[in-house]
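Visitor: Please read through the structure below; I'll follow up with questions.
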Amino acid sequence: MDERKLVAAFLEGEERAFRALYDLHAPSLYAFLSRLLGRHKHEADDALQDVWLRAARDLGRFRGQSSFRTWLFGIAVNRCREILRLVSPLESELNEDDLRTEPEPVGERIDLERAIARLPLRFREAVVLHDVYQHTHAEIAVLLQIDEGTSKSNLSRARARLRDFIGGPHD
Amino acid sequence: MTDDSNDLRGIRRETTPPDRTVDAIAKRLRREGLLRRRLPRRVWLLAAAIAMILVATPFIVNHEQKTPQPRYILLLYEPAGFAGGSRAEYAHWAHQMSPLVVGGEELSNDVVMASSPTRSNEHLTGYFLIDARDDATAERVARNCPHLRHGGVVVLRRIVL
């Protein structure tokens with residue numbers, strides 16, 4: 001059954017359709033939520049549940065303008081922001097310049113996953129959506145409700161910050 | 001890190017959530033009425049069997065217990081001084097004649113209403129409904145009626161269907 005039919009059946013309350021869609025998208029959603037939640041990735045399981053619950057409630061408003069997956073990612077982004085506002089209000093509100101990253105011990109390099117987790121939320125969103133999940137800036141602009149220029153700028157600064165963490169050459 | 005996006009594409013994009021998560025979500029969705037309960041396979045089979053029986057029942061019942069369509073009415077009149085037979089005798093005859101005789105009632109002597117006085121001195125005292133395929137068959141039933149043996153008068157009429 002193609003995805004549109006599964007979505008329609010899910011809207012009708014068919015459990016098999018929900019489980020089929022879950023099998024298709026939950027692994028990438030879960031990884032996405034874990035990365036976006038950074039240090040709070042232990043919240044990813046609850047967040048995943050909330051995303052599906054919200055998706056089911058709002059499914060009637062899904063018009064298929066984006067893919068179902070992109071739509072789910074949009075819900076996931078919003079849920080992550082809500083969670084981070086609750087568990088770590090300082091982190092979600094600080095901008096890049098305010099946020100001082102704790103220096104790593106001299107002589108140690110951190111891996112990419114840890115580096116992403118240490119990024120400020122808006123940079124994390126940019127780098128995860130664009131570089132990991134291959135969303136275009138146009139899609140990211142819709143998902144995050146920002147303009148494309150901001151998306152590009154966030155990505156550029158996120159990459160620079162990652163280089164600092166990991167120790168690669170700058171542009 | 002020479003090419004950021006290439007490095008990042010290499011990192012894992014999927015992580016399997018805990019097994020219990022899907023059931024927990026399904027439970028929450030059902031609680032909110034957003035998901036119908038998934039019935040076990042054996043329950044579906046049972047439901048399907050019951051549905052088939054329900055669908056087939058009217059056909060079976062109609063076939064075996066088809067309501068007879070009376071095509072004739074046998075009117076029973078009592079002339080003056082008619083002694084008549086017993087109600088049980090008539091009932092026994094009707095039972096023996098089934099399925100040709102499909103109904104009948106005894107009428108009270110009291111006239112509830114008449115638009116004009118009846119001219120006949122014979123009282124209509126009962127009737128039988130006969131489901132016969134033709135006049136000859138209906139007539140054979142009528143001639144066999146015990147009412148005639150007791151001196152009564154019968155009239156057989158076709159019912160307009």
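The values are calculated or read from the model by the stated rules, or taken from the named source; none is laboratory data. Values in this document were obtained by computation on a predicted structure and should not be read as measured data. Backbone-built Cβ (ideal geometry, glycine too); neighbour counts: all protein chains shown. For accessibility, only protein heavy atoms count, side chains too; no ligands or nucleic acids. Shrake-Rupley method; radii C 1.70, N 1.55, O 1.52, S 1.80 Å.
Visitor: Can you give me the accessible area per residue for region B:97-161, using a 1.4 Å probe, in Å²?
Guide: 73
Visitor: Once amide H atoms are placed 1.01 Å from N in the peptide plane, what residues at a sequence separation of 5 or more from B:Gly103, or on another chain, have their amide H within under 5 Å of its amide H?
Guide: Sorted by chain and number, the residues that satisfy this are B:Leu129.
Visitor: Which parts of region A:112-137, residue by residue, lose 10 Å² or more of accessible area when the rest of the protein chains are there, as against the chain isolated (1.4 Å probe)?
Guide: Buried by 10 Å² or more upon assembly, which counts only protein chains, are A:Leu112, A:Glu113, A:Ile116, A:Asp131, A:Val132, A:Tyr133, A:Gln134.
Visitor: Right, next: Count charges around B:Gly151 for me, please; just the other residues with Cβ under 12 Å from its Cβ, Lys/Arg as +1, Asp/Glu as -1.
Guide: -1
Visitor: Another question, then. Residues of region B:19-37 that become at least 50 Å² less accessible with every protein chain present than in their own chain isolated, using 1.4 Å: which are they?
Guide: Checking the loss per residue gives B:Val22, B:Ile25, B:Arg28, B:Leu29, B:Glu32, B:Leu34, B:Leu35, B:Arg36.
Visitor: Can you pull out the buried accessible area for chains A and B, both sides counted, probe 1.4 Å, rounded to the nearest 100 Å²?
Guide: Using a 1.4 Å probe on protein heavy atoms, the buried area is about 3200 Å².
Visitor: Pop out the carbon and sulfur fraction of the accessible area of region B:67-161 as a percent, whole number, probe 1.4 Å.
Guide: 52
Visitor: Any idea how far the Cα center of region B:123-161 sits from the one of region A:136-150, in Å?
Guide: Computed from Cα coordinates, the inter-centre distance equals 92 Å.
Visitor: I've got another one for you. Within region A:1-91, list the trypsin sites (Lys or Arg not before Pro) lying in a DSSP loop whose Cβ has at most 10 other Cβ atoms in a 10 Å radius.
Guide: Here the sparse-neighbourhood loop sites are A:Arg63.
Visitor: Then there's this: Could you run the Karplus curve 6.51 cos²θ - 1.76 cosθ + 1.60 with θ = phi - 60° over region A:64-76 and give me ³J(HN,Hα) per residue in whole Hz, x for Gly and Pro?
Guide: Those phi angles translate into x, 6, 10, 6, 4, 4, 4, 4, 5, 5, x, 5, 5 Hz.
Visitor: Could you list which residues have their amide H under 5 Å from that of B:Gly126, counting only those 5 or more apart in sequence or on another chain, with H placed in the peptide plane?
Guide: So B:Gly126 has HN proximity to B:Leu76, B:Leu107.
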